[in-house]
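**Q** Before anything else, here's the structure in question.
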Amino acid sequence: MTMGTNDELQELEVEVEADIELDAAGTASEDDELDWALDPYEAQAETADLNSLHGAIEALEGDEPPYSPAGE
């Protein structure tokens, strides 16, 4: 797997953080379709996905060792 440069990770992090802020504010991004109602489950899943992606970016940028489950 090819790792991105720090600049690419920082750019991605900025975009993800902006989406998280929009999500927290309940504001749709400009490219979202506003013609249909959003299922609350889908909104919750998208929030979880954004937070997971943000955590993955931070893990790639950080110097901490990768997570290993307890007992391993």
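**Q** Under 7 Å between Cβ atoms, at least 6 apart or on separate chains: pull out the pairs that start in segment 7-26 with a residue that is within 19 Å of Q44 (Cα to Cα) and end on any residue that is part of a helix (DSSP H, G or I) and acidic (D, E).
**A** Filtered contacts from segment 7-26: D23/E46.
**Q** A further question on this structure: Give me the residue from segment 27-72 that is under 26 Å from D7 (Cβ atoms) and among the small types (G, A, S) and, out of that set, modelled with the highest pLDDT.
**A** S52
The values are calculated or read from the model by the stated rules, or taken from the named source; none is laboratory data. All figures in this text were calculated on a predicted structure; none of them were measured in a lab. Please note: Cβ atoms are built from the backbone with ideal geometry, for glycine as well, and neighbour counts cover all protein chains shown.
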